[in-house]
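K.L.:
Below you'll find the structure I mean.
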Amino acid sequence: MLRVLAVDDEEPALEELLYLLRSDSRVGTAEGALSATEALRRIGGALEPGADGAAAVDVVFLDIHMAGLTGLDIAQLLAGFTRPPLIVFVTAHEGFAVQAFDLKAVDYVLKPVRRERLAEAVRRAAELVADRTAPVLDAAPDQIPVELGGVVRFVAVADITYADAHGDYARLHTADGSHLVRVPLSALEERWRSRGFVRIHRSHLVALDRIDELRLDAGSMSVRIGAAELPVSRRHARALRDRLMRPPGH
């Protein structure tokens, strides 16, 4: 049973969120805070372990736009705790999904809040809280938020075959389609280097284990990933060959 704190500086929105949370059978308690100051005071006290050794707040549902400190500010402060509560952002604005990703949020729910969408966020949080043997936030870096029809979803990095640069954006390709995210390709290259992604061109970042063929034609190089054929620039050709020829585990 989750112990929840909902934070929103608009009372009607907070009451509606609390009503929906309390209607979910996985939520044991749901309290509200109308300001960042009140939220931090409640969370700070709740992070002191109780008799069972667990903190009294499992997950915080945070609005982003609030007077004074924002929900992003609160999440950054909580990140400094040894074992902070999980964070779910609840906002009317789609443009903060990247920051939510960086802050390791469990989910990102858009207003107006739909019951079924909130239930999905509660499910994610409940599964993480239930598995106390693993760090509760470790799963977040394995996912990246994408916008689909006005709803923010999280796509597994393991499902991404390659990414294309689109200015300050990147288009992520999976077997099921593609998604445009507001993250520069250079940032994804840095984050995903340890996951086997390699830059092959100023416009392309690929998952090495998804390359089906390496092609050489009249001195130019390309790779095939599924039905897509992507050029390899001269600048990146040698590094790509070295990575592909490297024995597994090295």
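K.L.:
Which of the residues belonging to region 167-179 are at positive phi and open to solvent by 40 Å² or more (accessible area, probe 1.4 Å)?
P.N.:
First pass over region 167-179, keeping only residues at positive phi: 167, 177.
Residue satisfying the conditions is Gly167 alone.
K.L.:
How many of the residues making up region 65-80 are free of Cβ contacts under 8 Å to residues at least 60 places away in the same chain and touching a Leu at 6+ places or on another chain (Cβ under 6 Å)?
P.N.:
Initial filter on region 65-80 (free of Cβ contacts under 8 Å to residues at least 60 places away in the same chain): 65-70, 72-73, 75-80.
Those still in the list that are touching a Leu at 6+ places or on another chain (Cβ under 6 Å) too: 75.
The total comes to 1.
K.L.:
Next question, about the same structure. Just checking, does region 181-202 include any residue being assigned to a helix (DSSP H, G or I), farther than 18 Å from His166 by Cα and polar (S, T, N, Q)?
P.N.:
Yes, region 181-202 contains at least one residue that is assigned to a helix (DSSP H, G or I), farther than 18 Å from His166 by Cα and polar (S, T, N, Q).
K.L.:
Does Thr37 fit the bill of being assigned to a helix (DSSP H, G or I), modelled with pLDDT of 80 or more, at negative phi and open to solvent by 50 Å² or more (accessible area, probe 1.4 Å)?
P.N.:
Numbers: assigned to a helix (DSSP H, G or I): yes; modelled with pLDDT of 80 or more: yes; at negative phi: yes; open to solvent by 50 Å² or more (accessible area, probe 1.4 Å): yes.
Here the answer is yes, as Thr37 does meet what is asked.
K.L.:
Scan region 62-75 for residues that are at pLDDT 85 or above and closer than 13 Å to Leu40 by Cα and jot them down. Let's see the steps before the verdict.
P.N.:
First pass over region 62-75, keeping only residues at pLDDT 85 or above: 62-66, 71-75.
Across region 62-75, the qualifying residues are Leu62, Gly71, Leu72, Asp73, Ile74, Ala75.
K.L.:
While we're here: So for region 185-202 (the condition being hydroxyl-bearing (Ser, Thr, Tyr) and over 18 Å from the mean Cα position of the chain (by Cα)), does at least one residue qualify? Explain how you work it out, then say what you get.
P.N.:
First, the residues of region 185-202 that are hydroxyl-bearing (Ser, Thr, Tyr): 186, 194.
Next, from what is left, pick out any that are over 18 Å from the mean Cα position of the chain (by Cα): none.
Taking every residue of region 185-202 in turn, none turns out to be hydroxyl-bearing (Ser, Thr, Tyr) and over 18 Å from the mean Cα position of the chain (by Cα).
K.L.:
Still on this model: Tell me, which residue of region 79-101 that is in contact with a strand residue (DSSP E or B) (Cβ under 6 Å, 6 or more places away or on another chain) and in a strand (DSSP E or B) is surrounded by the most Cβ atoms within 10 Å (Cβ to Cβ)? Even if it seems obvious, please write down each step before you answer.
P.N.:
Residues of region 79-101 that are in contact with a strand residue (DSSP E or B) (Cβ under 6 Å, 6 or more places away or on another chain), as a first pass: 85-90, 94, 97, 100-101.
Add one more test, that the residue is in a strand (DSSP E or B), and what stays is 86-90.
On the way: Leu86: 25, Ile87: 25, Val88: 22, Phe89: 27, Val90: 24.
Residue satisfying both the conditions and the ranking: Phe89.
K.L.:
Same structure, new question: Just a yes or no: is a residue in region 198-207 touching a strand residue (DSSP E or B) at 6+ places or on another chain (Cβ under 7 Å), touching a residue at least 60 places away in the same chain (Cβ under 8 Å) and on the phi < 0 side of the Ramachandran plot?
P.N.:
no
K.L.:
Can you say whether Arg182 is closer than 21 Å to Ile144 by Cα, in contact (Cβ under 8 Å) with a residue 60 or more places away in the chain and open to solvent by 30 Å² or more (accessible area, probe 1.4 Å), as far as the supplied structure shows? It would help to see each step written out before you state the result.
P.N.:
Working: closer than 21 Å to Ile144 by Cα: yes; in contact (Cβ under 8 Å) with a residue 60 or more places away in the chain: yes; open to solvent by 30 Å² or more (accessible area, probe 1.4 Å): yes.
So Arg182 fits the description; yes.
K.L.:
In region 61-113, which residues are among the charged types (D, E, K, R), under 16 Å from Ile144 (Cα atoms) and out of contact with any helix residue (DSSP H, G or I) (no Cβ under 8 Å at 6 or more places or on another chain)? Can you show your working first?
P.N.:
Initial filter on region 61-113 (among the charged types (D, E, K, R)): 63, 73, 83, 94, 102, 104, 107, 111.
Imposing the further condition that a residue be under 16 Å from Ile144 (Cα atoms) reduces the set to 94, 102, 104, 107.
Of everything in region 61-113, those that are among the charged types (D, E, K, R), under 16 Å from Ile144 (Cα atoms) and out of contact with any helix residue (DSSP H, G or I) (no Cβ under 8 Å at 6 or more places or on another chain) turn out to be Glu94, Asp102.
K.L.:
On to the next question. Out of region 157-166, which residues are among the aliphatic types (A, V, I, L, M) and open to solvent by less than 70 Å² (accessible area, probe 1.4 Å)?
P.N.:
Of the residues in region 157-166, the ones among the aliphatic types (A, V, I, L, M) are 157-158, 160, 163, 165.
Matches in region 157-166: Val157, Ile160, Ala163, Ala165.
K.L.:
Could you check how many residues of region 102-146 are open to solvent by 80 Å² or more (accessible area, probe 1.4 Å), modelled with pLDDT under 70 and among the acidic types (Asp, Glu)?
P.N.:
1
K.L.:
On to the next question. If I filter region 63-78 for residues that are surrounded by fewer than 18 Cβ atoms within 10 Å (Cβ to Cβ), in a helix (DSSP H, G or I) and under 15 Å from the mean Cα position of the chain (by Cα), do I get at least one hit?
P.N.:
The answer is yes; a qualifying residue exists.
K.L.:
Which of the residues belonging to region 89-101 are at pLDDT 85 or above and of a type in the set (Phe, Trp, Tyr)? Even if it seems obvious, please write down each step before you answer.
P.N.:
Pass one, region 89-101, residues at pLDDT 85 or above: 89-92.
Scanning region 89-101 gives a single hit, Phe89.
The values are calculated or read from the model by the stated rules, or taken from the named source; none is laboratory data. Because the structure is a prediction, the values reported are computed rather than measured. FYI the Cβ positions are ideal-geometry reconstructions off the backbone, even for glycines, and counts take in every protein chain you see. Note: areas computed on protein heavy atoms with side chains; ligands, DNA, RNA excluded. Shrake-Rupley method; radii C 1.70, N 1.55, O 1.52, S 1.80 Å.
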